[in-house]
Amino acid sequence: MTAHNASLLLPLIQADADSILAEWLTEFRSAASDRQAATEARAVLAAFTRGLEAGGGDVDFAAGPWEPLRDALAQLSASRAAQGSSSAETSRFVLALKKPLFQRLQQQIKDPVRLGDTLWWLTSIVDQAAQHTVGTYQSTREEIIRRQQQELLELSTPVVKLWDGVLAVPMIGTLDSARTQLVMEELLQRIVDSASELAIIDITGVPTVDTLVAQHLLKTVTAIRLMGADCIISGIRPQIAQTIVHLGIDLHGIVTKATLADALALALKRTGHVVSRPAGKA
Amino acid sequence: MDRIPILQMGRCLLVTIQVDLQDQTALALQDDLSAKIEATGATGVLIDISALEIVDSFIGRMLASISGIARVLDATTVVVGMQPAVAITLVELGLSLDGVRTALNVERGMRLLTESQPESDLDAGR
């Protein structure tokens, strides 16, 4: 029956592909640039035709005959995702193909039972195509999000050398397990590489400190101590100091300073440096 | 079974762990070291674990107990050269090794030991 349906539909498409395309685009009333939508529509229709020619039916959308169509749709949804159009918009684009095809079938087939049967066959294929598009669209978007997350992680954890033997990590943003882990590893490795005795963790850019964040900080400090270096936590804002005390977080045995400058002053003092201003320069 | 060598340098004992510690080896080290401290009257023990890449909770606890035993025998223990991965593992295991002194490398560990040695030694001339 599939072959029969396909043999009915194929000549219809081949006969006037251009007007089908035009009607499709009118139906979609593209918000994206018309030329691009036209190109994409042409590619999808061509792949659809090839799928019909190869004997693709409504029950085997994941199989070989529909491979060109799946590729074309994947390309379409990837480019849509990159442009930032919504998933609803993208699936509507594919579904808009139904109307011109339905109209042609309606004109062609007079027997209502036969017509219903063919329409059901076609709608099933187009729906699966739309589903596939949305699925690909979704995974493309998720891929983008994952990449951005990774970039954010890498951007936000620099370990800087403040002085000979003094390292600093300015933490920006919320501390979660993954980020703390990354910072910890990076910092510990740098401590080994540079044989620094002091590390300053500056949390000026950390918006909130809860028990979990405090626990992460404590772990980092303990690890640094195990390696044989010392750690100072700086940049504790008044609100955060209040939160820490109210939550009953025990920062016992950890040196804390209000600002990075204070921490650096302490670090210099501990490493035996003296900062002085030449006389006569006030 | 491997035994970890214990070297004497003045009034300090030097233990460098060059292989991944088996439980038996660690237990033997604990025995040997306490005997050696007793025999030599050492006041400092330096354990270099820079070549140690894998630790479990048992080895972590061993380090803590060796340090505790040494303290009872009046010797200070310094653990030096812990690898980042080892430090993270110990922290994740909940072993913060409180009471164990640490240093980045052997040189600094030695300095820490010599600084902490009692000034007025009765037998300083030994």
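Side notes on the structure shown:
- Residues of the range A:241-256 that turn out to be within 14 Å of chain B (Cβ to nearest Cβ) and under 26 Å from B:Asn105 (Cβ atoms), as a count: 2
- In the range B:38-53, the residues that are among the β-branched types (Val, Ile, Thr) and within 11 Å of B:Val15 (Cβ to Cβ): B:Val45, B:Ile47, B:Ile49
- The helices (runs of 4 or more DSSP H) found entirely in the range A:5-122 that carry 3 or more residues being closer than 20 Å to A:Thr136 by Cα are A:34-53, A:67-83, A:87-95.
- Any pair with Cβ under 6 angstrom, 6 or more apart, that starts in the range B:72-96 at a residue that is more than 7 Å from every other protein chain (Cβ to nearest Cβ) and ends at one that is part of a loop (DSSP other than H, G, I, E, B) and among the hydroxyl-bearing types (Ser, Thr, Tyr): B:Ala75/B:Thr43; B:Gly81/B:Ser50
Quick grid of which residues meet (1) among the β-branched types (Val, Ile, Thr); (2) under 29 Å from A:Ala178 (Cα atoms); (3) modelled with pLDDT under 90:
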site: B:Thr40; (1), (2), (3): yes, no, no
site: B:Ser57; (1), (2), (3): no, yes, yes
site: B:Ala70; (1), (2), (3): no, no, no
site: B:Val78; (1), (2), (3): yes, no, no
site: B:Gly94; (1), (2), (3): no, yes, yes
site: B:Thr114; (1), (2), (3): yes, no, yes
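- The range A:140-154 - residue that is surrounded by 11 or more Cβ atoms within 10 Å (Cβ to Cβ) and among the hydrophobic types (A, V, I, L, M, F, W, C) and, of those, nearest to A:Ile200 (Cα to Cα): A:Leu153
- Residues within the range A:67-94 that are buried (at least 17 other Cβ atoms within 10 Å of the Cβ), among the hydrophobic types (A, V, I, L, M, F, W, C) and free of Cβ contacts under 8 Å to residues at least 60 places away in the same chain, tallied: 3
- Some residue of the range A:254-276 being surrounded by fewer than 16 Cβ atoms within 10 Å (Cβ to Cβ), within 21 Å of B:Ser96 (Cβ to Cβ) and free of Cβ contacts under 8 Å to residues at least 24 places away in the same chain: no
- Taking helices (runs of 4 or more DSSP H) as the structural unit, those lying wholly within the range B:38-124 and holding at least 3 residues that are farther than 24 Å from B:Ala28 by Cα correspond to B:84-92, B:106-116.
- Selection status of A:Thr211, surrounded by 15 or more Cβ atoms within 10 Å (Cβ to Cβ), touching a residue at least 12 places away in the same chain (Cβ under 8 Å), more than 10 Å from chain B (Cβ to nearest Cβ) and over 28 Å from B:Ile47 (Cβ atoms): no
- Cross-chain or 6+ apart pairs with Cβ under 6 Å, the range A:47-61 first and at pLDDT 75 or above, then small (Gly, Ala, Ser): A:Ala47/A:Ala72; A:Leu52/A:Ala6
- Look at the range A:221-240: where a residue is at the interface with chain B (Cβ under 7 Å from one of its Cβ atoms) and a partner is of a type in the set (Lys, Arg) and surrounded by fewer than 22 Cβ atoms within 10 Å (Cβ to Cβ), sitting 6+ places away or on another chain with Cβ atoms under 9 Å, you get A:Gly228/B:Arg101; A:Gly228/B:Arg108.
- Filter result (farther than 15 Å from A:Val59 by Cα and either outside the structural domain of A:Ala72 (by TED's automatic domain parsing) or of a type in the set (Ser, Thr, Tyr) (or both)) within the range A:121-146: A:Thr133, A:Thr136, A:Tyr137, A:Ser139, A:Thr140
- B:Val19 meets each of the listed conditions (1) touching a helix residue (DSSP H, G or I) at 6+ places or on another chain (Cβ under 8 Å); (2) surrounded by fewer than 20 Cβ atoms within 10 Å (Cβ to Cβ); (3) assigned to a helix (DSSP H, G or I) apart from (3).
- Only residues that are acidic (Asp, Glu) and over 21 Å from A:Leu25 (Cα atoms) were counted in the range A:87-125, giving 2.
- All positions within the range A:170-191 that are over 14 Å from A:Leu218 (Cα atoms) and more than 14 Å from chain B (Cβ to nearest Cβ): A:Pro170, A:Met171, A:Ile172, A:Gly173, A:Thr174, A:Arg179
- Tally of residues being touching a strand residue (DSSP E or B) at 6+ places or on another chain (Cβ under 6 Å) and under 25 Å from B:Val106 (Cβ atoms) across the range A:168-187: 1
- First in the range A:128-145 and more than 16 Å from A:Ala82 (Cβ to Cβ), second anywhere and in a helix (DSSP H, G or I), Cβ under 7 Å, 6 or more apart: A:Ala129/A:Leu69; A:Ala129/A:Leu73; A:Ala129/A:Val94; A:Ala130/A:Ser91; A:Ala130/A:Val94; A:Ala130/A:Leu95; A:His132/A:Arg70; A:His132/A:Leu73
- The residue that is farthest from B:Val106 (Cα to Cα), counting only those in the range A:188-200 that are in contact with a helix residue (DSSP H, G or I) (Cβ under 7 Å, 6 or more places away or on another chain) and either of a type outside the set (Gly, Ala, Ser) or touching a residue at least 60 places away in the same chain (Cβ under 8 Å) (or both), is A:Ile200.
The values are calculated or read from the model by the stated rules, or taken from the named source; none is laboratory data. Note that the structure is predicted; figures quoted are calculated from it, not measured. No Cβ is skipped: glycine too gets one built from the backbone with ideal geometry, and neighbour counts run over all protein chains shown.
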